[in-house]
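The values are calculated or read from the model by the stated rules, or taken from the named source; none is laboratory data. Predicted model, so just to flag it, every value in this text is computed and none were measured. FYI the Cβ positions are ideal-geometry reconstructions off the backbone, even for glycines, and counts take in every protein chain you see.
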Amino acid sequence: MSRLPLALLILFAHAACASAQSTDGAGSTETMLQDSGYVLFVGLESEDAVAIMDPQAGALIRKIPIGISTEDIEGVHALDVSPDGEHYYLSIAHGWPYGSVWKMSTQKDSLVGRTNVGLFPATMAITPDGTWLFVANYNLHGDPALDTVSVVHTPTMTEVQQIPVCTKPHGLVASNDGESVYVSCTRDNVLKKISVATFAVVDSTNTLIDEDRAEEKVCYPAGLALSRDDERLFVACHKHDEIRVMPTSQFGTFTNRIPVGKGPYLLRTDPGGERLYVPHRADQSFSVIDIAREQVIATKPTSATHPHTFAFGPDGRVFLSMESHAVVPGAVDEIDPETFETTRTVELGLQATGIGAIAKPPSHYE
């Protein structure tokens with residue numbers, strides 16, 4: 001496990017404590033948490049911070065500074081919550097020379113551990129028992145290569161293996177039975193199935209179909225999701241504006257193509273497994289798909305550009321993080337799960353990316 005020097009850990013702790021202090025008047029970064037029973041954690045990629053948001057008040061509570069360098073943007077990209085809600089994990093895209101994954105406590109705003117992984121770690125997937133974290137090393141700024149998925153043992157924060165997969169892996173999802181992880185690679189349009197037991201690729205297929213090849217089109221599979229029974233894999237064809245459906249028992253066969261908006265990105269299924277939420281990264285909108293019928297039941301606009309991904313509160317509310325662009329603040333839209341209308345928007349900071357709901361008593365945020 002990689003460890004921060006003691007001096008840097010002290011600086012990190014002082015910065016976290018300072019950010020938690022309440023300020024009055026304009027520019028306040030804290031508000032009192034109302035009794036919603038949970039909070040949202042949101043990564044701010046261009047601000048090297050994690051925002052804590054009160055979903056009941058619809059307001060920012062505070063920001064936790066993340067990173068080592070005070071001069072360079074290190075890039076908080078993905079944010080995944082542990083199954084027990086005690087920790088959350090951040091992929092830090094930039095580093096010396098590699099990226100890293102940080103394990104944070106949800107209760108104390110503190111760093112628990114960190115480890116280096118590959119080049120530009122993007123998305124992550126955690127197994128249902130919380131033991132293994134798989135990290136897609138997207139290698140954004142590197143030459144085309146056989147890129148990898150890192151396997152991190154979360155109790156010790158040790159990278160135990162890098163699995164060679166394909167070129168620029170991005171979509172990543174762990175099966176609900178804990179046996180498999182699926183990864184999609186954007187540049188060579190392939191899917192890989194990884195065994196959690198052996199940390200090896202056990203199956204592989206292409207996301208292109210005959211029509212793509214005839215028209216010289218690509219899929220660019222940017223995001224993946226699984227049905228609750230692990231029987232269907234949903235693939236976001238970012239360049240084809242559709243979700244392709246593949247039975248996991250017939251790896252390599254698409255049984256449906258569902259048209260959506262422009263640039264589908266990081267898909268999420270709701271906790272009940274009934275709906276698939278699709279952000280349209282290039283279209284300032286999102287779609288909702290009925291999983292049983294494999295049909296779009298709603299397409300709605302978002303309040304900001306570059307929708308990133310979704311989180312679901314324990315009370316049924318739906319939240320969408322949006323990166324925005326340049327100096328325009330990123331934000332979170334609260335979405336009504338019945339009408340799919342946006343009921344509230346909260347600006348948080350520069351480039352809101354990964355998001356997760358922490359179902360915890362709010363007393364330690366007061």
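Structure above, values below:
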| item | result |
| --- | --- |
| Residue list for the stretch 356-366, restricted to those being modelled with pLDDT of 75 or more and out of contact with any Leu (no Cβ under 6 Å at 6 or more places or on another chain) | ILE358, ALA359 |
| The stretch 113-144, residues that are in a loop (DSSP other than H, G, I, E, B), farther than 14 Å from HIS94 by Cα, at pLDDT 95 or above and not small (Gly, Ala, Ser) | THR127, PRO128, ASP129, THR131 |
| Extreme residue, farthest from THR253 (Cα to Cα), among residues of the stretch 193-217 that are β-branched (Val, Ile, Thr) and under 23 Å from the mean Cα position of the chain (by Cα) | VAL196 |
| Subset of the stretch 195-236 (residues that are of a type in the set (Phe, Trp, Tyr), touching a Leu at 6+ places or on another chain (Cβ under 7 Å) and within 16 Å of ALA136 (Cβ to Cβ)) | none |
| Hey, ALA331 farther than 25 Å from GLU242 by Cβ and out of contact with any His (no Cβ under 9 Å at 6 or more places or on another chain) or not | yes |
| Number of positions in the stretch 62-112 that are closer than 26 Å to LEU267 by Cα, in contact with a Pro (Cβ under 9 Å, 6 or more places away or on another chain) and assigned to a loop (DSSP other than H, G, I, E, B) | 3 |
| Residue in the stretch 269-277 that is over 25 Å from LEU320 (Cβ atoms), over 17 Å from the mean Cα position of the chain (by Cα) and touching a residue at least 40 places away in the same chain (Cβ under 8 Å) present | no |
| Residue selected from the stretch 161-200 under the condition part of a strand (DSSP E or B) and among the hydroxyl-bearing types (Ser, Thr, Tyr), by the criterion farthest from HIS238 (Cα to Cα) | SER195 |
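One line per residue, one yes/no per condition, for (1) closer than 26 Å to PRO271 by Cβ; (2) touching a Phe, Trp or Tyr at 6+ places or on another chain (Cβ under 9 Å); (3) surrounded by 15 or more Cβ atoms within 10 Å (Cβ to Cβ):
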| position | (1), (2), (3) |
| --- | --- |
| ALA125 | yes, yes, yes |
| VAL160 | no, yes, no |
| SER175 | yes, yes, yes |
| ARG187 | no, yes, yes |
| ASN206 | no, no, no |
| VAL218 | no, no, yes |
